[in-house]
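Student: Pasting in a structure now, in structure tokens, and then I'll have a few things to ask.
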Amino acid sequence: MKIAVVSPSYGYGGSNIVTANLGKELLQHHEVFFFPYKFTTNFSDIPEERFQYIGADHSGLRKIWDKFGKGSEFFIKKEFTPGKYYKKEIENLLEQIEARQIELVILSSFESSVLFAEALKLTKPELKIISWMHEAVDYSFGELTKNYPTAFQKGLALSDAIVCLTHQDQAKYLEINKHSTVIYNPVVLEYNRRSRLEERVISFTTRLNIEVKGLDYLVEAAQILPEDWKVRVAGHGRPDQVESFQALLREQDFGQRIDFVGSLQGVDLANHYFNSSIFLSTSRTEGLPLVLIEALFFGLPIISFDHSGGKEILGNGQFGKLVKVGDVSGLQQTLLAMIQQPEERVFWQKQSVKRAQDFETEKIVQQWLQLLAEI
């Protein structure tokens, strides 16, 4: 089968990396092409002959005109249709589909589904479409698509299948499309070692979005750590996001409990996990965070806010400690208990190792292959 995988980017970010790596796994069974439409970065070493940027320039007068159009449409209808402002990207994608005789398109992320699903079905009704939702359902139907709910739900309804990441998400998507299924994201980091649980380090891996990733909560929670414990943050983001986080540390990390080491990948990222004894997540919302899955494979005890992704990965508390989102005091107490009780860390390491088996790449790829065969 000839498959197109459409994503905003194949650069940094958990969903971008997972999308690229799943596509490369499917290459062993199908003919797969990769089409980014926002950024040209090829972070995951996708074969160049299968990589084609389909984006267009949205700067200058074009940006002003688009903003005016969206504003006018929103004033009249209280929402707008994003696809109207990505006509060139739609045209480019259709040209690639025709030229490469694509039979099935995987639209990775809510945004890809919003922009392309309806246009593809109207133009090529025989084309099969899978909308792959990486975002938490409450976030998708709330903040992310609040200005274009109709376009979002129409794209979902027209898809031949929806792949989502948690059973909580699936319950919502089933209301719109009965062909909605849960397939977890596989781990993509090389792992062959398990933490010795000896380092007095709490690892934290993130995109540097203070609001979404709860970095403000992280800084507050870290201030109660014993002097010989640190939180080591491996994070990537735009220059302005890096500066905002560093400013937050200067202003609020009074005890210098946080060690920001910048963006890590490959062996350096693996060592980041291996040389720590606890993994922490303070996100306000998550779909199925890749970093939590990576932490499982290194046998790290995990403490997370109870966003939907955390609850799914940690089995509602069976495989890791969950704290109510925003409860910094509860988070601090849970951290201190884990630090002060080595036997607790050993117990939760065993739970992490057990849960990691559900995210083995081979198992996930087989689920995708079965879905493709059914469609």
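The values are calculated or read from the model by the stated rules, or taken from the named source; none is laboratory data. All of these numbers come straight from a predicted model, not from anything done at the bench. When we count neighbours, we look across all protein chains shown, and the Cβ atoms used for this are built from the backbone with ideal geometry, even at glycine. SASA here: full protein model, heavy atoms, side chains in, ligands and nucleic acids out. Shrake-Rupley method; radii C 1.70, N 1.55, O 1.52, S 1.80 Å.
Student: Filter the range 198-214 down to residues that are open to solvent by 20 Å² or more (accessible area, probe 1.4 Å) and either in a loop (DSSP other than H, G, I, E, B) or polar (S, T, N, Q) (or both) and give me whichever is nearest to LEU336 (Cα to Cα).
Tutor: ARG200
Student: Moving on. Could you figure out which of (1) farther than 26 Å from TYR148 by Cβ; (2) at pLDDT 95 or above isn't true of ASN21?
Tutor: It fails just one condition, (2).
Student: Right, something else. Name the single residue, out of those in the range 305-336 being open to solvent by less than 50 Å² (accessible area, probe 1.4 Å) and of a type in the set (A, V, I, L, M), that is nearest to PHE359 (Cα to Cα).
Tutor: ILE313
Student: Out of (1) loosely packed, with under 12 Cβ neighbours inside 10 Å; (2) in contact with a helix residue (DSSP H, G or I) (Cβ under 8 Å, 6 or more places away or on another chain); (3) of a type outside the set (A, V, I, L, M, F, W, C), what's the single condition that is false for GLU251?
Tutor: Looking at each condition in turn, GLU251 falls short on (2).
Student: Return only the number of the condition from (1) under 25 Å from MET133 (Cα atoms); (2) open to solvent by 30 Å² or more (accessible area, probe 1.4 Å); (3) of a type outside the set (Phe, Trp, Tyr) that GLY55 does not satisfy.
Tutor: It is condition (2) that GLY55 fails.
Student: Within the range 251-296, count every residue that is aromatic (Phe, Trp, Tyr) and either under 28 Å from ALA171 (Cα atoms) or modelled with pLDDT under 95 (or both).
Tutor: Residues meeting the conditions: 1.
Student: Return the residue satisfying two criteria in turn: it lies in the range 215-261 and is in contact (Cβ under 8 Å) with a residue 40 or more places away in the chain and part of a helix (DSSP H, G or I), and of such residues it is farthest from GLN333 (Cα to Cα).
Tutor: Checked the range 215-261; the qualifying residue farthest from GLN333 (Cα to Cα) is LEU215.
Student: Considering only the range 152-165, state which residues are touching a residue at least 60 places away in the same chain (Cβ under 8 Å), over 10 Å from MET133 (Cβ atoms) and open to solvent by less than 10 Å² (accessible area, probe 1.4 Å).
Tutor: Listed by number, the list holds a single entry, ALA161.
Student: Pairs needed: first member in the range 116-144, in contact (Cβ under 8 Å) with a residue 24 or more places away in the chain; second member anywhere, surrounded by fewer than 19 Cβ atoms within 10 Å (Cβ to Cβ) and part of a loop (DSSP other than H, G, I, E, B); C-beta distance under 6 Å; at least 6 residues apart or different chains.
Tutor: Partner pairs satisfying both residue conditions: LEU120/LEU127; LYS128/ASP160; LYS128/ILE375; ILE129/ASP160.
Student: Could you please give the count of residues in the range 142-151 that are open to solvent by 30 Å² or more (accessible area, probe 1.4 Å) and aliphatic (A, V, I, L, M)?
Tutor: Residues flagged as open to solvent by 30 Å² or more (accessible area, probe 1.4 Å) and aliphatic (A, V, I, L, M) within the range 142-151 amount to 1.
Student: Against the definition (surrounded by 23 or more Cβ atoms within 10 Å (Cβ to Cβ) and modelled with pLDDT under 95), how does GLU135 come out, yes or no?
Tutor: So GLU135 fits the description; yes.
Student: On to the next question. Give the number of residues within the range 23-56 that are within 22 Å of the chain's Cα centre (by Cα) and under 20 Å from THR361 (Cβ atoms).
Tutor: Matching residues across the range 23-56 total 11.
Student: Taking the condition of being in contact (Cβ under 8 Å) with a residue 40 or more places away in the chain, among the β-branched types (Val, Ile, Thr) and surrounded by fewer than 20 Cβ atoms within 10 Å (Cβ to Cβ), how many residues in the range 166-182 meet it?
Tutor: Total satisfying the criteria: 1.
Student: In the range 27-45, is there at least one residue being within 21 Å of ILE375 (Cβ to Cβ), in contact (Cβ under 8 Å) with a residue 40 or more places away in the chain and surrounded by 18 or more Cβ atoms within 10 Å (Cβ to Cβ)?
Tutor: yes
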